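Rule-based calculations on the coordinates, nothing more; no lab input. These figures come from a predicted structure and were not determined experimentally. Methodologically, a virtual Cβ is constructed for each residue, glycine included, from the backbone with ideal geometry; neighbour enumeration extends over all protein chains shown.
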Amino acid sequence: MLIGGYALPAYGQIRATQDVDIAIAAPFSEMVKLHRHLVERGFQLPASPNKRAPLFVLTDLENRAEIEVWTKPDGVTFDDELLRRRVKVRPFDDDFEMFAIGPEDFIVNKLSRKDRGVQDEMDVVSVLERQKRKLDYQYLEKRAKAADAMGLLQALTDRVA
């Protein structure tokens with residue numbers, strides 16, 4: 001599913017982003033197969049997958065795009081509830097449909113990032129403003145508490161109130 005800047009337009013403002021972030025829940029053996037397949041297709045990747053790394057970065061030389069493939073995205077728990085809350089989007093053109101992370105999990109992912117910056121917080125404010133009446137605040141708070149992001153969520157929620 002999409003996470004990051006390409007998922008943002010489903011819930012908040014549209015903005016430019018430098019890369020595509022994708023989260024994949026799969027056993028490590030499947031990630032090794034995916035890595036091999038991508039190399040065969042001409043993508044530029046690190047030498048080999050690392051079981052402990054939360055992501056790997058690949059470069060699509062043909063389209064000049066960087067893609068971050070997250071296997072352990074910050075603040076994201078791959079479970080049935082998260083999967084039910086995904087939404088279908090068409091991020092690139094009308095012929096290509098895929099899932100994007102749900103709005104509450106998008107917020108928690110942004111607030112939990114170890115490298116969180118001002119842009120991440122602005123993205124969250126955008127979603128909080130535009131989805132105010134649609135968000136499931138009980139679920140959002142449960143996920144934010146689990147990710148130790150409740151204080152920051154409260155501060156940003158207070159900003160948009």
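A few remarks follow.
- Rounded to whole numbers, the Karplus 3J(HN,Hα) couplings from phi for region 136-151 are 8, 5, 5, 5, 4, 5, 4, 5, 5, 4, 4, 8, 6, 10, 5, x Hz, using 6.51 cos²θ - 1.76 cosθ + 1.60 with θ = phi - 60°, and x at Gly and Pro.
- Summarising the amide proton neighbourhood of ALA53: residues at separation of 5 or more, or on other chains, whose placed amide H is nearer than 5 Å comprise an empty set.
- Ranked by the mean number of other Cβ atoms within 10 Å of their residues, highest first, the peptides 96-108, 58-70 come out as 96-108, 58-70.
- The label-point distance for GLN138 and ASP19, in a model that sets each label 7 Å from Cα toward Cβ, rounds to 3.7 nm.
- Summed residue charge, Cβ within 14 Å of ALA53's Cβ, Lys/Arg positive, Asp/Glu negative: +2
- Inter-probe distance in nm under a simple model that places probes 7 Å from Cα toward Cβ, at SER29 and MET122: 4.5 nm
- Taking only the Cα atoms of region 115-161, the ratio Rg/Rh comes out at 0.94, with Rh defined as the Kirkwood radius.
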